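The values are calculated or read from the model by the stated rules, or taken from the named source; none is laboratory data. Treat the numbers as computed from the prediction; the structure is a model and nothing was measured. Here the Cβ positions follow ideal geometry from the backbone for every residue, glycine too, while neighbour counts run over all protein chains shown. Accessible surface is based on the protein model in full, side chains and every heavy atom, while ligands, DNA and RNA are left aside. Shrake-Rupley method; radii C 1.70, N 1.55, O 1.52, S 1.80 Å.
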Amino acid sequence: MKTKKFQFLEHTADIKFQAFGKTKEKAFENSALAMFDSMSDDAVKEKTTKTVKVRGKDDENLLYEFLEELLFLFDSELFFVSKIKNIEINKESKKSNQQSLKAELVGDSAENYEMKNDIKAVTYNEMFVKKNKKNDWVCQVVLDI
Amino acid sequence: MTIEVKKVSKNIYEIPKTSGMKVPGIVYASKKLIEKMKQDKSLEQVMNVAHLPGIIDKSIGLADAHQGYGFPIGGVAAFDMDSGVISPGGVGYDINCSVRLLKTNLTKQDILKKQKEVADQLSRKIPSGVGRGSNFQISKDKFKKVLEKGVPFIVEEGYGKKEDYKHMEEEGCLKGADSSKVSKRAMKRGLGQLGTLGAGNHFLDVHYVDEIFDEKVANAFGLKKDQVTIMIHCGSRGFGHQVASDYIKAMENEYGFKDLPDRELINAPIKSKLGQDYYNAMACAVNFAFVNKQIITHWVREEMKYMFPDVKIDVVYDVCHNIAKFEEFEINGKMQKVCVHRKGATRSFGPGRKEIPLAYRKVGQPVFIPGSMGTPSYVLVGTKKSEELTWGSSVHGAGRKKSRNKAMKEMSGEEVKEMMKKKGIELRASGGYKLISQEAPYAYKDIEDVVDVVHDLDISKRVARLKPMVVCIG
């Protein structure tokens, strides 16, 4: 059975979701797709490509930085992500949890589509990155809107 | 988690100090509103704030409190200048998300004659919605001046008049703004967003004064029955969010969050370099938001003038909702400067405070409580009592009670628009019909409940009620 990529949960004021993956990379990828899914219902074309690199002190911090970077690209360049390719997460040293993430983003300008939500910020509120009982990775995120 | 809530007196509830809390939590709300708060994490967040170093007296939740990040929305706390902290989570991501009220020399009848045209013209002129850029162009150098000098600078550039900023909190410029403390990223994110309303719960409404409760104060504010007013609610857009994110990151790097009950309560000592830097950058975002509304005000004037050649539009006041400020209060019989965080709360100073514009100093500052889309909004006046109870603060709105998903399931956007039309309200939404039902009136707590509490507690007093005729949302 194919596992669900992400699901939205009830939250009074903001948007809350969980994203899943067999690997941490996949769960991060699905988190990004969940965020953009909450922003528009349109099928966004795969027109342009960008590379993104971020660093984080722990899993949550890395996820926060990753989603923030995508939001920054959206706010400053109206770049809407429809697909993520070749996502890689690497530990920078054996001693610390410091990690870096690299990914290729594919998408199009948001100008060409109808947006339904304005994400103000990614938050640490109720955020977690962990493995569930089935040994799958789960990321939970609340977006401030 | 069950939280013990003890009734102190009518509309005042205490969350007693438990381990780790430096002060008790005090919630100013009715029993009905407290029960609503128990359904999310608002009360837990009031308790969490009580853990922060240097917090004075109590961690406050106001009648409209609902779950936020770090602090609850509708949360107020004051910190000692020497031992206390400043926290980006206590201000919020949308720094200086705020409300401005404009008054006109038009009456309800004038608008009714051209209601559709007014809705169309205003919604066309004021950019709102997601990913819609601004019609306002500015150089980088001038953008820096906007951040540091606020509304007085943009008025010099031809956007409005001196009287406008004389009737604003901080006269439209929070001192201490230093654009060198703002990241390039924030600059890049903000440059194209000046002069845009944004989306979500941000709006531009045309109201008429439906009822006056306090003739004397209404006179001082220049409001009378059937007069047309215009309300603008927006903030610092992506610029403020980036400033918040940048300093949350910097503070985490410097201090870590191991000792905090919630990662988003990250903070820095007020007197530390990082604490000061955050304040200087936050002040830039505060000024961004003031200027944002000033540009929108200018466009509102232009559009209204086109439809009503003799129209005169003046600023009643502009109040901040998400902010940290240094203010003086009487503590143990002595005046003491403290750092007040208001997150989703309005300053509500009573008569006599030097911070209030001269025109209102005898009566107290105007306080605006916007209703949800389609319900009335209130003008109130600040009181001395608020300085005793809530660090001179009052509520900022009705507060959500239903999630956006639930709200969308209840009615479609088309149905909401139809419902509004039956109430005599012209609604315009640039984000399409989906957003309309997210912000539907039934998604919010009853504004009357919230206003009753602050009026009964005397932390602000009813002055006038405004009924919407035109609502433009993002």
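Numbers at a glance
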{"read-out": "Residue check, A:Phe17 in contact with a Gly (Cβ under 9 Å, 6 or more places away or on another chain) and within 13 Å of chain B (Cβ to nearest Cβ)", "value": "no"}
{"read-out": "Filter pass, B:Pro88 being of a type outside the set (S, T, N, Q), over 24 Å from B:Arg428 (Cβ atoms) and out of contact with any strand residue (DSSP E or B) (no Cβ under 7 Å at 6 or more places or on another chain)", "value": "yes"}
{"read-out": "Positions within the range B:428-441 being open to solvent by 40 Å² or more (accessible area, probe 1.4 Å) and part of a helix (DSSP H, G or I), in sequence order", "value": "B:Tyr433, B:Lys434"}
{"read-out": "Residue selected from the range B:409-428 under the condition of a type outside the set (A, V, I, L, M, F, W, C) and in contact (Cβ under 8 Å) with a residue 24 or more places away in the chain, by the criterion farthest from the other protein chains (Cβ to nearest Cβ)", "value": "B:Gly424"}
{"read-out": "Filter result for the condition that a residue is surrounded by fewer than 16 Cβ atoms within 10 Å (Cβ to Cβ), modelled with pLDDT of 95 or more, farther than 30 Å from B:Ala289 by Cβ and out of contact with any strand residue (DSSP E or B) (no Cβ under 8 Å at 6 or more places or on another chain), over B:Gln39, B:Gln109", "value": "B:Gln109"}
{"read-out": "The lone exception for A:Asn132 - which of (1) within 14 Å of chain B (Cβ to nearest Cβ); (2) touching a strand residue (DSSP E or B) at 6+ places or on another chain (Cβ under 6 Å); (3) not hydrophobic (A, V, I, L, M, F, W, C) it fails", "value": "(1)"}
{"read-out": "Test: residue in the range B:447-464 that is part of a loop (DSSP other than H, G, I, E, B), out of contact with any Cys (no Cβ under 8 Å at 6 or more places or on another chain) and modelled with pLDDT of 85 or more", "value": "yes"}
{"read-out": "Within the range B:180-225, tally of residues that are open to solvent by 30 Å² or more (accessible area, probe 1.4 Å), within 29 Å of B:Asp277 (Cα to Cα) and assigned to a loop (DSSP other than H, G, I, E, B)", "value": "2"}
{"read-out": "Count of the range B:390-408 residues which are more than 11 Å from every other protein chain (Cβ to nearest Cβ) and out of contact with any Phe, Trp or Tyr (no Cβ under 7 Å at 6 or more places or on another chain)", "value": "5"}
{"read-out": "Filter result (open to solvent by less than 60 Å² (accessible area, probe 1.4 Å) and either touching a Phe, Trp or Tyr at 6+ places or on another chain (Cβ under 6 Å) or among the small types (Gly, Ala, Ser) (or both)) within the range B:155-179", "value": "B:Gly158, B:Gly160, B:His167, B:Gly172, B:Gly176, B:Ala177, B:Ser179"}
{"read-out": "Condition met for B:Val228 (over 22 Å from B:Lys149 (Cα atoms) and crowded, with 24+ Cβ neighbours inside 10 Å)", "value": "yes"}
{"read-out": "Residue in the range A:111-126 that is more than 9 Å from chain B (Cβ to nearest Cβ) and in contact with an Asp or Glu (Cβ under 8 Å, 6 or more places away or on another chain) present", "value": "no"}
{"read-out": "Filtered residues of the range B:354-403 (kept if under 24 Å from B:Ile230 (Cα atoms) and among the β-branched types (Val, Ile, Thr))", "value": "B:Ile356, B:Val363, B:Val367, B:Ile369, B:Thr375, B:Val379, B:Val381, B:Val395"}
{"read-out": "Residue match in the range A:33-41 (condition: within 11 Å of another protein chain (Cβ to nearest Cβ), part of a loop (DSSP other than H, G, I, E, B), of a type outside the set (D, E, K, R) and within 29 Å of B:His66 (Cα to Cα))", "value": "yes"}
{"read-out": "Cβ-Cβ under 6 Å pairs, at least 6 apart or on other chains, the range B:187-211 side farther than 18 Å from A:Asp118 by Cα, far side among the hydrophobic types (A, V, I, L, M, F, W, C) and at pLDDT below 95", "value": "B:Asp205/B:Val471"}
{"read-out": "Search result, residues across the range B:235-287 that are over 24 Å from A:Ser96 (Cα atoms), touching a residue at least 40 places away in the same chain (Cβ under 8 Å) and of a type in the set (Ser, Thr, Tyr)", "value": "B:Ser236, B:Tyr278, B:Tyr279"}
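Yes/no per residue for (1) in contact with a Cys (Cβ under 7 Å, 6 or more places away or on another chain); (2) not hydrophobic (A, V, I, L, M, F, W, C):
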position	(1), (2)
B:Val217	no, no
B:Asp226	no, yes
B:Ile270	yes, no
B:Ala281	no, no
B:Ala285	no, no
B:Lys293	yes, yes
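Quick grid of which residues meet (1) at the interface with chain A (Cβ under 10 Å from one of its Cβ atoms); (2) within 18 Å of B:Arg100 (Cβ to Cβ):
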residue	(1), (2)
B:Ser183	no, no
B:Gly200	yes, yes
B:Tyr208	no, yes
B:Glu211	no, no
B:Lys225	no, no
B:Ser245	yes, no
B:Pro261	no, no
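Every residue, every condition in (1) closer than 22 Å to B:Phe349 by Cβ; (2) part of a strand (DSSP E or B), yes or no:
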{"residue": "B:Ala281", "(1), (2)": "no, no"}
{"residue": "B:Ala289", "(1), (2)": "yes, no"}
{"residue": "B:Trp299", "(1), (2)": "no, no"}
{"residue": "B:Pro309", "(1), (2)": "no, no"}
{"residue": "B:Asp314", "(1), (2)": "yes, yes"}
